[in-house]
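Asks: Next up is a structure, given as structure tokens.
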Amino acid sequence: MTPISTLKNFGPKSTLWLEEIGITTIEQIEEIGVVEVYVRLKTAFPHKVTLNALWGLQAALMGIRWNQLPEDLKQDLRKQVEAAGF
């Protein structure tokens, strides 16, 4: 199991939030999916978590910076979040 602290371009505050909702490994994020992890974060910290967390999660799993995510992927993720009611 790979600790979330090893996620590239993912800050300590976001890492702490993940730990507070029970996400401690990269494999958990991969298994649950970034949209569901984002929904859980947004539910737990509604006034703190923004879509940047979603972009950061996806980018970290891909090994790129969040601002390098293709626009079509960002739009797809946004649609999934909206379908989940967020």
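The values are calculated or read from the model by the stated rules, or taken from the named source; none is laboratory data. For clarity, every value in this text was computed on a predicted model and none was experimentally measured. Cβ atoms come from the backbone with ideal geometry, glycine included; neighbour counts cover every protein chain shown.
Asks: Say we look at the range 38-86 and pick out the residues that are within 20 Å of Glu20 (Cα to Cα) and of a type in the set (D, E, K, R); which of these is farthest from the chain's Cα centre (by Cα)?
Replies: Checking each candidate, the answer is Lys48.
Asks: Turning to a different aspect of this structure: Among the helices (runs of 4 or more DSSP H) lying completely within the chain, list those that include at least 1 residues that are of a type in the set (A, V, I, L, M, F, W, C) and in contact (Cβ under 8 Å) with a residue 40 or more places away in the chain.
Replies: 34-44, 51-62, 71-83
For (1) modelled with pLDDT under 95; (2) loosely packed, with under 13 Cβ neighbours inside 10 Å; (3) among the small types (Gly, Ala, Ser); (4) out of contact with any strand residue (DSSP E or B) (no Cβ under 6 Å at 6 or more places or on another chain), each residue gets a yes or a no:
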| site | (1), (2), (3), (4) |
| --- | --- |
| Asn9 | yes, no, no, yes |
| Val35 | no, no, no, yes |
| Lys42 | no, no, no, yes |
| Asp72 | no, yes, no, yes |
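Asks: Just a yes or no: is a residue in the range 74-83 surrounded by fewer than 16 Cβ atoms within 10 Å (Cβ to Cβ), at pLDDT below 95 and not β-branched (Val, Ile, Thr)?
Replies: no
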